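**Student:** Handing you this structure, nothing more for now.
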Ligand code: UN1
């Protein structure tokens with residue numbers, strides 16, 4: 001099956017992981033082997049970039065920008081429209097490859113490709129807008145307005161958990177804005193990145209887009225550091241752990257570049273005494289076990305009103321007993337593997353810490369073994385009763401460990417929801433209008449995303465995506481997130497016959 005998909009996507013033999021779009025460059029860095037967490041089989045070996053390879057890519061990208069910025073934005077949008085069409089054509093194959101290389105369920109693999117298609121559509125419309133404001137000048141015969149110009153090279157560092165969608169949120173917007181992109185995908189999911197590069201290459205070649213508009217640099221941490229420290233890259237957009245984001249933010253900030261950070265979450269759902277518990281169960285379980293708890297929007301904490309705590313946790317335990325864990329390509333299964341053994345160890349270590357810090361398990365965790373679980377990456381989603389203040393609860397573990405805790409008053413629940421270092425996504429389940437509005441108010445959730453009667457994950461691309469505090473503050477995808485990829489210029493034009501100074505200053509000679 002995998003062989004057919006790779007063939008359909010044009011990936012065969014040992015691959016170069018360095019491309020400027022028009023062709024694949026000989027790569028001189030370390031070889032990265034992609035192994036599927038589904039069955040522990042090798043997918044492909046990819047040669048990474050050396051520093052020299054990287055410099056060559058940046059030089060090509062700089063040249064390409066000089067041309068690409070002259071393409072009218074709607075023409076750039078037309079190219080992105082064609083990428084959307086190509087993705088529609090490849091949805092089946094690419095979705096399967098995402099599922100196989102990353103380990104998420106097939107439905108979620110398809111959903112991820114759908115997010116890419118959706119952002120293409122969004123970016124096409126955007127390409128006819130990219131609007132600025134006009135202002136009234138205090139001086140007669142003067143006009144003031146602002147316009148938005150492209151920045152240059154956008155560096156994109158993406159994570160394994162959404163190996164292709166997050167790249168597309170960034171690149172499709174960056175392209176319609178007139179930027180060129182250099183993508184460093186996660187070294188855990190290089191093959192899906194090769195597939196995307198090939199899809200875009202075909203569209204670009206057919207439209208004679210200059211070499212260097214779509215660039216791929218597969219590599220390890222070093223490649224991310226090169227980008228972060230490189231003054232030729234005005235914007236680095238990075239998605240991943242808070243630890244990684246702090247390093248990128250510090251390096252980019254040190255040179256006064258711009259970073260767009262989308263980092264960890266510690267997302268909670270408040271289950272009120274006025275919640276629809278049937279809906280709440282679906283939101284909580286999908287949020288906690290979907291993508292095996294490896295979304296930055298995964299539900300990590302449930303803050304449950306004491307009056308419904310026993311009833312709701314009993315239903316949760318029952319729902320967990322019905323979860324089918326196994327090969328994510330088999331659509332009967334709900335939960336696939338974690339990305340690798342290191343993730344399994346982090347999961348086990350967190351479970352130990354929960355116990356050591358005083359938590360007790362309502363549903364026990366553990367690593368699965370035996371037929372179908374040979375990769376050693378399949379774990380049991382588990383539920384622990386904890387206190388919000390435990391150090392482990394304050395920490396984001398990228399695994400299906402769900403923490404439950406009780407509250408008495410809404411004010412207490414909101415305080416608990418906010419009392420973590422991260423601020424990405426949050427939700428309240430309630431049919432009580434007052435509670436919902438308090439949760440959404442300025443004194444409510446402190447997160448970038450706050451939902452009512454849906455869970456914490458599964459945001460649509462039309463909204464700005466990102467969060468506060470240790471989540472990094474960046475906003476990607478919809479709304480006006482495009483502004484991060486452009487520079488604002490304020491223009492004042494004097495069409496009068498004199499030159500009055502602002503603020504009424506007299507300067508006669
Ligand atoms: C991520 O986990 O980095 O909101 C992105 C969601 C998805 C995107 C998650 N649309 O769950």
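Every number in this text was worked out from the coordinates using simple rules, so none of it is lab data. Because the structure is predicted, anything quoted here is derived from the model rather than measured. Virtual Cβ from ideal backbone geometry, glycine too; neighbours counted across all protein chains shown.
**Student:** What fraction, in whole percent, of alpha-carbon pairs in the chain exceed 33 Å separation?
**Tutor:** Within the chain, distances greater than 33 Å cover 42 percent of Cα pairs.
**Student:** Quick one: Cα centre-to-centre distance for the range 229-288 and the range 56-132, in angstrom?
**Tutor:** The two parts, judged by their Cα centres, are 21 Å apart.
**Student:** Between helix 51-68 and the chain, what is the angle of the helix's C-alpha long axis to the longest principal axis, kept within 0 to 90° and rounded to the nearest 10?
**Tutor:** 60 degrees
**Student:** I've got another one for you. Given axes a ≥ b ≥ c from the Cα gyration tensor, I'd like to know whether the range 147-219 is rounded (a/c under 1.5), prolate (a/b larger than b/c) or oblate.
**Tutor:** Verdict is oblate for the range 147-219.
**Student:** Measure nothing fancy, just the Cα-based angle from helix 306-321's long axis to the longest principal axis of the chain, in degrees from 0 to 90, nearest 10.
**Tutor:** Relative to the chain, helix 306-321 is tipped by roughly 90 degrees.
**Student:** Rounded to the nearest 5, what is the percent of antiparallel bridges among the DSSP beta bridges in the range 354-485?
**Tutor:** 50 percent
**Student:** Quick check: from the Cα gyration tensor, does the range 234-291 come out rounded (a/c under 1.5), prolate or oblate?
**Tutor:** prolate
**Student:** Based solely on its DSSP helices, what 222 nm [θ] is calculated for the chain when runs of n ≥ 4 H residues each add -39,500 (n - 2.57) and the sum is averaged over all residues, nearest 500 deg cm²/dmol?
**Tutor:** Per the formula, -12000 deg cm²/dmol.
**Student:** Rank by packing, highest mean first: peptides 16-22, 441-447, with packing defined as the count of other Cβ atoms within 10 Å averaged across residues.
**Tutor:** 16-22, 441-447
**Student:** Fewest to most neighbouring Cβ within 10 Å: what's the order for 167, 148, 482?
**Tutor:** 148, 482, 167
**Student:** If you don't mind, another one. Against the longest principal axis of the chain, how steep is helix 73-102, in degrees 0 to 90 to the nearest 10, with axes from Cα atoms?
**Tutor:** 20 degrees
**Student:** Given points 7 Å out from each Cα along the Cα-Cβ axis, report the residue 324 to residue 341 separation in nanometres with one decimal.
**Tutor:** 3.0 nm
**Student:** Let me ask something additional. Translational diffusion coefficient of the range 267-452 at 25 °C, 0.890 mPa s, Stokes-Einstein with Kirkwood Rh over Cα pairs, in µm²/s as a whole number.
**Tutor:** Answer from the Stokes-Einstein relation: 148 µm²/s.
**Student:** Going by C-beta contacts inside 10 Å, put 375, 369, 280 in order with the fewest on the left.
**Tutor:** 369, 375, 280
**Student:** Of the DSSP beta bridges with both residues in the chain, give the percent that are antiparallel, rounding to the nearest 5.
**Tutor:** 40 percent
**Student:** Now for a separate question. What ranking, highest mean first, results for peptides 39-46, 496-503, 222-229, 361-368 when packing means the other Cβ atoms within 10 Å averaged over each residue?
**Tutor:** 222-229, 39-46, 361-368, 496-503
**Student:** Let me ask you something else. When you count, for each residue, the other Cβ atoms within 10 Å and take the mean per peptide, how do 236-247, 310-321 rank with the highest first?
**Tutor:** Sorting 236-247, 310-321 by mean packing, highest first, produces 236-247, 310-321.
**Student:** Counting other C-beta atoms within 10 Å, which of 4, 330, 274 has the fewest, and how do the rest follow?
**Tutor:** 4, 330, 274
**Student:** Rounded, prolate or oblate for the range 1-140? Axes are the square roots of the Cα gyration tensor eigenvalues, ordered a ≥ b ≥ c, and the cut-off for rounded is a/c under 1.5.
**Tutor:** Verdict is oblate for the range 1-140.
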